[in-house]
Amino acid sequence: MSGAHSRDGTSGSGGLAATAPPAHQPEFDLGGGARLRTINEEDADELSAVIAKSRDHLARWMPWAAGQTLDGTLEFIRQARKQAADNLGFQRAMTDEGRIVGTIGFHRVEWEHRLTSIGYWIAQEAQGRGIVTRSVHALTGHALDAWMLNRVEIRAGVENLRSRAIPERLGFVQEGVLREAERVGDRFVDHAVYSMLAREWTPARQP
């Protein structure tokens, strides 16, 4: 998924309540029949089926995809609910005409340092429609405008050109490459690191 359930979103200072704004968990109309909506336990079967259908495609870049089960999908959804309840970000289902085609969310929100990162995946059959670009635009705007964070980060496999095209299209700055930053199957993958700062963000930029 987006990995939020496996990362520590705390600020490390114990001052979370004092630095975080009130929790707000919106949904987003992306236009063209696409939406971002809350993921519920009732979605587990559909989400698991989408993963299974695109498993080979996803497993090239997502370390969880090769062995993802229905139980694993349920656990992701439950952890996403806890993440939202703890005010450490949220996960959303990407839908197209009501059908789930992927997920997107915040790995964590570090309120003290005013930063977050975004992760996403989409089914192979739903690629090329601009859904991920519009989704990342919506979450970046929410983080920088509604939450008033200072930095949004995206990491993508260096050879995952489709994924890298998303932040590049939205004007994120590539900061560098993390060598062998993640193990996917039996290989280590280099990550390109992109960021958008609040002072650089132009909400009117249309994906």
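On the given criteria, is L58 under 17 Å from the mean Cα position of the chain (by Cα), more than 17 Å from F106 (Cα to Cα) and at pLDDT 95 or above? Considered against the rule, which asks whether it is under 17 Å from the mean Cα position of the chain (by Cα), more than 17 Å from F106 (Cα to Cα) and at pLDDT 95 or above, L58 comes out as no. Please go through the range 183-205 and pick out each residue that is open to solvent by 50 Å² or more (accessible area, probe 1.4 Å), more than 12 Å from V152 (Cβ to Cβ) and touching a strand residue (DSSP E or B) at 6+ places or on another chain (Cβ under 8 Å). R183, F188, D190, listed by residue number.
Exactly one residue out of G67, G98, G89, G130 is at positive phi and either among the acidic types (D, E) or open to solvent by 40 Å² or more (accessible area, probe 1.4 Å) (or both), and it is G98. Give the residue, chosen from A4, A23, A44, that is open to solvent by less than 70 Å² (accessible area, probe 1.4 Å) and either at pLDDT 90 or above or touching a Leu at 6+ places or on another chain (Cβ under 7 Å) (or both). Among A4, A23, A44, only A44 is open to solvent by less than 70 Å² (accessible area, probe 1.4 Å) and either at pLDDT 90 or above or touching a Leu at 6+ places or on another chain (Cβ under 7 Å) (or both).
The values are calculated or read from the model by the stated rules, or taken from the named source; none is laboratory data. Values in this document were obtained by computation on a predicted structure and should not be read as measured data. Reconstructed Cβ throughout: ideal geometry from the backbone, glycine too, with neighbour counts over all protein chains shown. These accessible areas exclude ligands, DNA and RNA; they are computed on the full protein's heavy atoms, side chains included. Shrake-Rupley method; radii C 1.70, N 1.55, O 1.52, S 1.80 Å.
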